[in-house]
Every structure is written in structure tokens, then in C-alpha cells.
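The values are calculated or read from the model by the stated rules, or taken from the named source; none is laboratory data. Please read all numbers here as calculations on a predicted model, not as lab measurements. Glycine also receives a Cβ, built like all others from the backbone with ideal geometry; neighbour counts cover every protein chain displayed.
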Amino acid sequence: MSADQPSLAPSAADEARFRANLQGEIDSAAVYRAMASAEKSAQLSSVYDRLAEVEERHLGFWEERLRSIGADPEPRRPSWRAQTMAFLARRFGPRLVLPTVATFEQVDQGDYDDQPETAGTSMRDQERSHARVLRFVAGGSPQGLAGETLARLEGRHRAPGGNALRAAVLGANDGLTSNLALVMGVAGAQFKSTVILIAGLTGLLAGAFSMAIGEWVSVQSARELSQRQVHTEAAEIRSVPDEEEEELALIYEAKGLRENYLSGSE
């Protein structure tokens, strides 16, 4: 829906909502600009600048909505919270405020989903894209590349480990501890050696099956979550390919790749 095509007569609640949306976009743009100016990495600075540009387009949208109902958008003034975060970013570096900014984006990413004015625009997808990009950057190193990503890229780190090793160690430790406790308890009751042996074997099998079933359920849950994320991304690629391409470019720029490299000019 365009800015000059309201579906219903605007109310005081609509105006208040438009102003709240506008203030949120003003705050986000101001913080991103401050983060971009203080960021030492050229790639991350470019990412923050481009996020700010999108937020400024969004705030322009809400200014037009206010004008369409005869309200004055008023000058753009960041709130005290945004001013404080911008000051901290410029004074101590963007990494100090990045987790907070990423959390705000994550919480607010669905705010436009039930607002009819944003239907048919890319604003809803852009807000979700910003949350994903910020979540990735916040989880990385000061250079923007997470340590676990580096480990996956390094060949010498591809030896068996990680979750498989952790599950094996926990399973062995749990099995030994629980089975030893069971055998000691039965032996302390002064049962015959045959009874102790049967109890130990039974406990061993029960523990093994329990750990196996628990690990299978855990892996299945993780796989279903990953499949859901893949299906969500595939649907978004089909519906808004330009936004998904922009999000992917921002993520790779945050990793350290230059924009001209991504565009194929090198």
C-alpha cells in the first residue's frame, strides 16, 4: 500500500503509531551512523552505513504517512537513549553497543507485520534481514568473523570433535558413574555375585539405550529447526530476492570481503 492510499480514516491512535514508528527509525539511523563513523574496519563501517540508509528510507515513509493525514512530522531528533548509545559507540567503539543494538533489532523485527501500511512494501523483510545481519555481526570477532567460522575454514580443525566429542565424553562419564553407583548399591546389599552381575549389565544396557534415544531426539530437534530455517529462507528468496541478496552481501562484507569483490569486479 502506498503512502497516499490509506485504507481507513486515520485516528489519533494511528498518528501515535506513525510517530512511534518514525522515532524508532530515527533512533536506529542515528545509532548506525555513529557506529559507522567509529568503526575501524572499512567493511563493517560500510555495513552500518547501508543499514542506516535503509532506516532513513523507512523514516521517510513514516514522515509521508504523517503528512498524508495532515500531521507535521516535526524535526528529526534522536531520543536520549539513542543519543547515549551513539555517544558510547563514538567514544568506546561500536562493539560496546553492538549486542544491545542486535537485541533491539531481534525484538522489534516483527513490529511491522501487523501494520497495514507496510503491506506490499519491503519494510517487513528488511527489518527481519537487519536482525539477522546484526545477530551475525554481534556473534563475530572484532573483525566481524566468528571464531567458530574460522575453525570450519581451517583444514587442521576438521578432525572429529565438537558436538560428537562432547556427546561421547558426557555419555561415557554418565554411563560409568550411574552404573558404578548401581553396582555398589546392589553389592552393599550383600546380594550374590550373579545378581550383582545381572544388575550391572542391566544398568549398562539401560544407560546406553537412554543416552542413544536422548541423543537421537536432540539431533532430530536440531535438524527440524535447521530445515525450518532453510524453508523460511527459501520462501523469502522466492518472494523478495533482492532483499535476500542484499542481506547475503552484508553478511559477507561483515566477514571481511570487499563490495567490489562480491560484485565480481575483481
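Of note:
- Residue within region 27-40 that is part of a loop (DSSP other than H, G, I, E, B) and basic (Lys, Arg) present: yes
- Residue in region 170-188 that is farther than 30 Å from Asp113 by Cβ, in the same structural domain as Val97 (by TED's automatic domain parsing) and modelled with pLDDT under 65 present: no
- Given (1) surrounded by fewer than 20 Cβ atoms within 10 Å (Cβ to Cβ); (2) under 18 Å from the mean Cα position of the chain (by Cα); (3) over 24 Å from Ala235 (Cα atoms), number of the condition Ala42 does not satisfy: (2)
- Of all residues in region 76-109, exactly one satisfies the criterion of being touching a residue at least 40 places away in the same chain (Cβ under 8 Å), exposed (fewer than 15 other Cβ atoms within 10 Å of the Cβ) and of a type in the set (A, V, I, L, M, F, W, C), namely Phe87.
- Top-ranked residue in region 56-75 [being free of Cβ contacts under 8 Å to residues at least 40 places away in the same chain and under 22 Å from Ala86 (Cα atoms); ranked as surrounded by the most Cβ atoms within 10 Å (Cβ to Cβ)]: Leu59
- One residue alone among Arg90, Arg67, Arg76, Arg81 is part of a helix (DSSP H, G or I), over 26 Å from the mean Cα position of the chain (by Cα) and more than 16 Å from Ser129 (Cα to Cα), and that residue is Arg67.
- Of all residues in region 104-137, exactly one satisfies the criterion of being β-branched (Val, Ile, Thr) and at pLDDT 90 or above, namely Thr118.
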